[in-house]
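Take a look at the structure set out below.
The values are calculated or read from the model by the stated rules, or taken from the named source; none is laboratory data. Remember, predicted model here, so these are calculated numbers, not experimental data. As a convention, Cβ positions derive from the backbone with ideal geometry for all residues, glycine included, and neighbour counts pool all protein chains shown. The area values use the complete protein model at the heavy-atom level, side chains included, leaving out ligands, DNA and RNA. Shrake-Rupley method; radii C 1.70, N 1.55, O 1.52, S 1.80 Å.
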Amino acid sequence: MSAVELSGVGVWSQQLRYGDAAEAAEAAAELEELGYTAQWIPDVGGPLFDAVGALLAATRRTVVATGILNLWMHEPADAAAAHASLTAEHGDRFLMGIGVSHAPLIDAKEAGRYRRPLAAMTAFLDGLDAAERPVPPGDRVLAALGPKMQATAKERTRGVHPYLVPPEHTRRTREALGEGPLVLPEQTAILCGTRDEARAIGTDWLRNYLSLPNYANNLVRSGFTTEDVEQVSDRLFDALIAWGDEEAVKRRVDEHRDAGADHVCVQVLTSDQSAFPRAEWRRLAPALVAG
């Protein structure tokens, strides 16, 4: 089992992956100084491991995690070689979050490619294990929303990284996994003064995700109605996005932790979603990482 462990609060940021490289390195170093324990980045194309390496090079203690590595875009042997190289250079700070992505995204480039996602995940993990320098189970987690993928994560990885889930999902995930496996949910947040402002920033962003069956189906399993999903109801919006001041975001993070999360990574949305939310990261740090 690897030395990669996670507690506290991290950030989930597409800007750290796809924004200006120089600013990403500068922001990564500042996030570490602010006390965030991990930096999570997505994978929707491009040189993923170069981005991981740049963030590792910019920091000294921070865990850099993929949220998630899209298994359809990588060969297991290449991913394992990159993990071994980065770990040798930077220590046990690279956590490989792995996911099966979504049929509409994968099939858009190659019709019919997305099928049997659980089997695809099993094959990818088999490839990591069979590599010349395998990725230890303790250095990988799965984007597991449902019970079958959660069971695979429990058996073959360090835990799970659920995205776009309320604290109740975290509670059910902890019950399913038991003690030991890491539960590392993402939590979206908007610092604002009113619901109207939150809605202006977050509704279309959320609607894009809800168009993906994996997320929509998981939320219906979690007790929301199809009308909640289709209309992006206030009930659903409030359950998935923590909006308000710093204390409102802290309360939501604490709800995840009380439900069994080991670590929560906060994704900050602003009106300009291409810009690094550095002012917001600074504002949130005293509330989220104190002590």
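Data for the structure
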read-out: Residue match in region 275-286 (condition: free of Cβ contacts under 8 Å to residues at least 60 places away in the same chain, under 20 Å from E30 (Cβ atoms), of a type outside the set (A, V, I, L, M, F, W, C) and not in a loop (DSSP other than H, G, I, E, B)); value: yes
read-out: Qualifying residue in region 222-244 (condition: within 29 Å of E26 (Cα to Cα), of a type outside the set (A, V, I, L, M) and assigned to a loop (DSSP other than H, G, I, E, B)); value: no
read-out: Flag if Y215 is farther than 30 Å from L86 by Cα, hydroxyl-bearing (S, T, Y), within 15 Å of the chain's Cα centre (by Cα) and surrounded by fewer than 18 Cβ atoms within 10 Å (Cβ to Cβ); value: no
read-out: Members of region 148-168 found to be of a type outside the set (A, V, I, L, M), part of a helix (DSSP H, G or I) and free of Cβ contacts under 8 Å to residues at least 60 places away in the same chain, listed by number; value: K148, Q150, T152, K154, E155, R156
read-out: Unique match (being under 15 Å from D258 (Cα atoms), open to solvent by 10 Å² or more (accessible area, probe 1.4 Å) and at pLDDT 95 or above) among E179, E155; value: E179
read-out: Some residue of region 33-43 being among the small types (G, A, S), free of Cβ contacts under 8 Å to residues at least 60 places away in the same chain, out of contact with any helix residue (DSSP H, G or I) (no Cβ under 6 Å at 6 or more places or on another chain) and not in a loop (DSSP other than H, G, I, E, B); value: no
read-out: Residue within region 175-187 that is in contact (Cβ under 8 Å) with a residue 60 or more places away in the chain, closer than 24 Å to I41 by Cβ and of a type in the set (D, E, K, R) present; value: yes
read-out: Scope region 245-261; condition out of contact with any Pro (no Cβ under 8 Å at 6 or more places or on another chain) and either in a helix (DSSP H, G or I) or surrounded by 20 or more Cβ atoms within 10 Å (Cβ to Cβ) (or both); matching residues; value: E247, A248, V249, K250, R251, V253, D254, R257
read-out: Selection within region 179-206 - more than 21 Å from E246 (Cα to Cα) and under 14 Å from the mean Cα position of the chain (by Cα); value: L182, V183
read-out: Qualifying residue in region 222-232 (condition: within 19 Å of G8 (Cα to Cα) and among the charged types (D, E, K, R)); value: no
read-out: Selected residue (criterion: nearest to T152 (Cα to Cα)) from residues of region 182-206 that are open to solvent by less than 30 Å² (accessible area, probe 1.4 Å) and of a type in the set (G, A, S); value: A189
read-out: Inter-residue pairs, beta-carbon under 9 Å, first over 11 Å from L95 (Cβ atoms) and in region 58-84, second among the aromatic types (F, W, Y) and part of a strand (DSSP E or B), 6+ apart; value: A82/F94
read-out: Region 20-44 - residue that is within 18 Å of M96 (Cα to Cα) and open to solvent by 30 Å² or more (accessible area, probe 1.4 Å) and, of those, modelled with the lowest pLDDT; value: V44
read-out: Of all residues in region 1-19 being surrounded by 19 or more Cβ atoms within 10 Å (Cβ to Cβ) and of a type in the set (S, T, N, Q), the one that is nearest to H263 (Cα to Cα); value: S13
read-out: R172 vs. criteria closer than 25 Å to K250 by Cα and either open to solvent by 20 Å² or more (accessible area, probe 1.4 Å) or under 15 Å from the mean Cα position of the chain (by Cα) (or both); value: yes
